[in-house]
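Trainee: Before anything else, here's the structure in question.
The values are calculated or read from the model by the stated rules, or taken from the named source; none is laboratory data. In this text, all values refer to a predicted model and were calculated from it rather than measured experimentally. All Cβ positions, even for glycine, are placed from backbone atoms using ideal geometry, and neighbour counts span all protein chains on display. For the accessible areas, the whole protein counts, side chains as well, though only heavy atoms, and no ligand, DNA or RNA atoms are used. Shrake-Rupley method; radii C 1.70, N 1.55, O 1.52, S 1.80 Å.
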Amino acid sequence: MEPHRLDRTQARRIAVRAQLLGADRPTDLVETVRHLTFLQVDPTAVIAPNADLVAWSRLDAAYAPADLVRALEDDRTLIEFNALIRPMEDLALFRADMERSPDYPRWREWLDANESFRRDVLARLRDEGPLTSREIPDTSVVPWTSSGWTGNRNVTQMLEFLAARGEIAIVGRRKRDRIWDLGERALPADLGAVTADEAQRLRDERRLRSLGIARAKSPVVPMEPADVGAAGEPAVVEGVDGEWRVDRALLGQPFEGRTALLSPFDRLVHNRTRALELFDFDYALEMYKPAAKRRWGYFALPILHGDRLVGKLDATADRKGGVLIVNAIHEDEPFTSEVRRAVDDEVDALAAWLGLEVRH
């Protein structure tokens, strides 16, 4: 079919609306996650953990971190799977992946060599679970080798593999430690039968609904893809090379924006190439850079105003001191008085949600 022709303003508004960042806020946490498809788990909490920060930026003061804990641990409407929090029912779309996990021959060889270790872990969880990794003995036959941080972390690696296969699942956290239990106790008995091809199609469609506009193909990224395959309809964006896929339901819809402070892992900005192409927004997470080489700060929050990404907030939550320290507000272009007031109001709202006072 002939591609839809969009200017960059239209494309940006589609992306913002799809990510539930327009003026009409959602009101329910689980429904929000269903629409976004997931919340990324990340332990960095310079201001707040990523999952909480993304939920707050949509739900505002109506959201409390206890709501997420309740959904994960009590209601079991959400589940942490592969470092992403997803609706429990969405595991049906990953069943085919679970059945063929792990993907790489070296991983399968390690599992095969440690079959007795695998049985020991499952037996320990069956008899004494739920447990943290610290409470599970290492009875591995062959150690896990890696040049990264997982080298010789045999219990953790076995738990990761078993979770990817659905044999076990995360059922809660004790501070930062994940709590594991058998999949037969933690997961629905019937996740549904979805073929691998159908699951891929549905995942692409849901991803496009949450992004609004995306590339059919893009470079491989960890955890969740940034592309959407054949989902949606073709589109071209004025001034941007190549073809996109767009969610037809978002075409021609009215738009009313608002101001929002976003996590660096927020899906509106997570794909830095897309953020540059559609929003002309230059951004990088600088926590891994030496302080002298940072332009915007250790954990700067992108600032959305209407359909534009207009700057970055460099702030730190000092919980012991009871303050949200605002180190700098970087303006990509000089803020108007209206934008400045809106950003200041949002910083105040963030501090209030955290139970802190703002200190510049």
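Trainee: Which value, in Å² and to the nearest 10, is the accessible area of Lys293 when all protein chains are kept and the probe is 1.4 Å?
Mentor: About 140 Å², rounded to the nearest 10.
Trainee: If you look at just the Cα atoms of the chain, how large are its Rg and its Dmax in Å?
Mentor: Cα only, the chain: 21.7, 66 Å (Rg, Dmax).
Trainee: Put +1 on the Cβ of every Lys and Arg and -1 on every Asp and Glu Cβ in the chain; which of Thr132, Leu68, Ala214 then has its Cα farthest towards the positive end of the dipole?
Mentor: Value computed over the given set: Thr132.
Trainee: Could you work out what % of the accessible surface of the chain is carbon and sulfur, using a 1.4 angstrom probe and leaving DNA, RNA and ligands out of the count?
Mentor: 49
Trainee: Something else now. Size of the dipole of the range 170-257 about the Cα centre, Lys and Arg at +1 and Asp and Glu at -1 on the beta carbon, nothing else charged, in debye to 20?
Mentor: 580
Trainee: Could you let me know the centre-to-centre spacing of the range 119-137 and the range 224-282, using Cα atoms, in angstrom?
Mentor: Cα centroid to Cα centroid, the span is 43 Å.
Trainee: So if I place +1 on the C-beta of Lys and Arg and -1 on the C-beta of Asp and Glu, and nothing else carries charge, what would the dipole magnitude of the chain be about its Cα centre? I want it in debye, nearest 20.
Mentor: 620
Trainee: Ile79's amide H: which non-local residues (gap 5+, or another chain) put their own amide H closer than 5 Å, with H modeled 1.01 Å from N in plane and none for Pro or chain starts?
Mentor: Under 5 Å from the amide H of Ile79: Arg86, Met88.
Trainee: Amide H neighbours of Val171 under 5 Å, at least 5 residues apart or on other chains, H built in the peptide plane: list them.
Mentor: Ile179, Trp180, Asp181
Trainee: What is the extension gain from Leu276 to Glu198, computed as 0.36 nm multiplied by their sequence separation minus the C-alpha to C-alpha distance, in nm to one decimal?
Mentor: The span from Leu276 to Glu198 would gain 24.9 nm if fully extended.
Trainee: With unit charges on the beta carbons (Lys and Arg positive, Asp and Glu negative) and the dipole taken about the Cα centre of the range 25-79, which residue among Val33, Ala48, Leu78 sits farthest to the positive side?
Mentor: Farthest towards the positive pole: Val33.
Trainee: Additional query: Given the options Ala284, Gln253, Ala189, identify the residue whose Cα lies farthest towards the positive end of the charge dipole of the range 149-286 (+1 on Cβ of Lys, Arg; -1 on Cβ of Asp, Glu).
Mentor: Positive-most Cα among the choices belongs to Ala189.
Trainee: Let me ask something else about it. Arg185: accessible area at probe 1.4 Å, nearest 10 Å²?
Mentor: Approximately 120 Å² of Arg185 is accessible to the 1.4 Å probe.
Trainee: In the range 87-177, what chymotrypsin sites (Phe, Trp or Tyr not before Pro) fall in a loop by DSSP, with at most 14 other Cβ atoms inside 10 Å?
Mentor: Sites meeting the loop and neighbour criteria: Trp149.
Trainee: Follow-up. Under unit Cβ charges (Lys, Arg +1; Asp, Glu -1), what dipole magnitude, rounded to 20 debye, does the range 45-186 have relative to its Cα centre?
Mentor: About 280 debye.
Trainee: Excluding residues on the same chain fewer than 8 positions from Lys175, give the lysines whose Cα lies under 22 Å from its Cα.
Mentor: Lys320
Trainee: Okay, moving on. Under a straight-distance cross-link criterion of Cα-Cα below 24 Å, which lysines are reachable from Lys289, leaving out those fewer than 8 residues away in the same chain?
Mentor: Lys312
Trainee: Also, quick follow-up: Return one whole number: the accessible area per residue of the chain in Å², for a 1.4 Å probe.
Mentor: 48
Trainee: What 222 nm value per residue comes from the helices of the chain, counting each DSSP H run with n ≥ 4 as -39,500 (n - 2.57) and dividing by all residues, nearest 500 deg cm²/dmol?
Mentor: Computed mean residue ellipticity for the chain: -10000 deg cm²/dmol.
Trainee: Using 7 Å Cα-to-Cβ label points, what is the Arg134/Ala61 separation (nm, one decimal)?
Mentor: For the pair Arg134/Ala61, the computed spacing is 3.7 nm.
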